[in-house]
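J.: Quick one: the structure is below, and I'll ask about it shortly.
The values are calculated or read from the model by the stated rules, or taken from the named source; none is laboratory data. Just so we're clear, the structure is a prediction, and the values are computed from it rather than from any experiment. Ideal geometry is used to build each Cβ from the backbone, glycine not excepted, and the neighbour counts take in all protein chains shown. Just the protein is used for accessible areas: all its heavy atoms, side chains included, with ligands, DNA and RNA removed. Shrake-Rupley method; radii C 1.70, N 1.55, O 1.52, S 1.80 Å.
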Amino acid sequence: MGCCVSTSSRSTCSSGSNGDMITPSCLDVGFCGQKRARRTFSDHVISLHHLSSLPSRIFANGKSRGSCIFTQQGRKGINQDAMVVWEDFMSEDMIFCGVFDGHGPHGHLVARKVRDTLPVKLLSFLHSKESKQNESGKACFKRNIKPDGGDSEKDCSAAEDKLNSTWREAFTKAYKAMDRELKSHSNLDCFCSGSTSVTIVKQGSNLFMGYIGDSRAIMGSKDNNDSMVAVQLTVDLKPDLPREAERIKQCKGRVFALQDEPEVPRVWLPFDDAPGLAMARAFGDFCLKEYGVISIPEFSHRLLTDRDQFIVLASDGVWDVLSNEEVVEIVSSAPTRSSAARILVNSAAREWKLKYPTSKMDDCAVVCVFLDGKMDSESDYEEQGFSSATIQSNHSGNPIESDDGQKSEPSLQRNFTVRSSEENETYGAVSIDVEDGTASADDQNWLGLEGVTRVNSLVQLPRFSTERSNS
């Protein structure tokens, strides 16, 4: 894979074809290059293939020191959502979180590839930037942008501008490098498959966010009356947003909604009513990259206060049926913090059945980060029936996944609402390996008759993409 993370002061870091490299001390220093007396992960170089061995990184249903995560497969086929929490990301007070919602025939592989690779690319750039600043003697990253007694407002503003510029550049370069790697991947076809991404990095009171697509981040905060309120942190980057629509149209792409779903604007090729992508920015989806769909992230920076309680990242399977306020209420009223993500996903599943009984529930993935860094006791944790951070159980019913997308795994195309009897028969004949056995063709046909999905990320594949795969 080429990317590596070194946690040994004695190891030398190797690099591969894509050139991503982390030097040996990158996880043992603070932002200002100060050595830390801290626990290290191991004494060897950890490649992307072995990221799951990091004790402070979780990507399956469970919890970490200050967060919990949960995903559940919908009724469209294999779970195409992915999520990750990586504590001690670059220093002990830093945490990386992300949710990735795949779409298209290989969307599940794209989402997992992004989940594993994007944080390493961001980490690589941050360390490279820090090293250059240290060598030049310039001031390095500041922990908190809060004016001290000796700092003027002007100095504080300048420091904040510099910090924003550095992190904006880090997110932008990491996202661009991620998309380039997907395009050049020899064993992962991203021509009509892709993924959203909502990622945050919290360090001290600083919160940095980079995102593409329609996965969302919100925050639960207390108002002046100590009542919980919802604060939306990101914007759903849909094709009908004026700036997004203008860019797509300038690139000869088309934006319109189908008659039977007028509330869902989509991106279409100029010469074909396909693929009908329901977002303006995404990783992959290279059939639309010449026509206005981009992978450049939106970036924002926020200073957290003592009133801010928790952050929720989730895929659109949650936001399609629950409002920001409802999500904050569910998380804040969970009996234990470690159960918050699971209870939120279960609530979304119930809402799907109530609000859209004839529709197929979408996949749901949730990350809940508690800003005080505290979690339940281990006894409470065990009562919830979760896996621990080091026991990688998977409650979504998926087969064991391949970190690089190269090993065999069922590649079920999601329901694209394709109005073709031949294609419906083809999709119905695909069998899916699940935890308790194999779903038969009859099961798949029954799922197909259950109802159409409320909002599909893709409507259908372009004609030339089918010819391309056959050839």
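J.: Full extension from ASN134 to ARG75: what is 0.36 nm times the residue separation minus their Cα-Cα distance, to one decimal in nm? Intermediate values should be presented prior to the final figure.
T.: Values: separation 59, 0.36 × 59 = 21.24 nm, distance 5.15 nm.
Here the answer is 16.1 nm.
J.: Provide the gained length on full extension for the span GLU326 to HIS301, in nm with one decimal, where the gain is 0.36 nm per separating residue minus the Cα-Cα distance. Intermediate results must be reported in sequence, preceding the final value.
T.: Working: separation 25, 0.36 × 25 = 9.00 nm, distance 2.46 nm.
Length gained between GLU326 and HIS301: 6.5 nm.
J.: Still on this model: Quick check on packing: order 255-266, 339-350, 115-126, 360-371 by the mean number of other C-beta atoms within 10 Å, highest mean leading.
T.: The most tightly packed comes first, giving 360-371, 115-126, 339-350, 255-266.
J.: Also, quick follow-up: With every protein chain left in place, what is the accessible area of VAL318 in Å² (1.4 Å probe, nearest 10)?
T.: My reading of the accessible area for VAL318 is about 0 Å².
J.: May I pose another question? Take GLU246 and SER165, extend 7 Å from each Cα along the Cα→Cβ direction, and tell me the distance between the two endpoints in nm.
T.: About 2.6 nm separates the two model spin labels.
J.: Order the following by accessible area, largest value first: PHE100, PHE271. Probe radius 1.4 Å; ligands, DNA and RNA are ignored.
T.: Listed by decreasing accessible area, they come as PHE271, PHE100.
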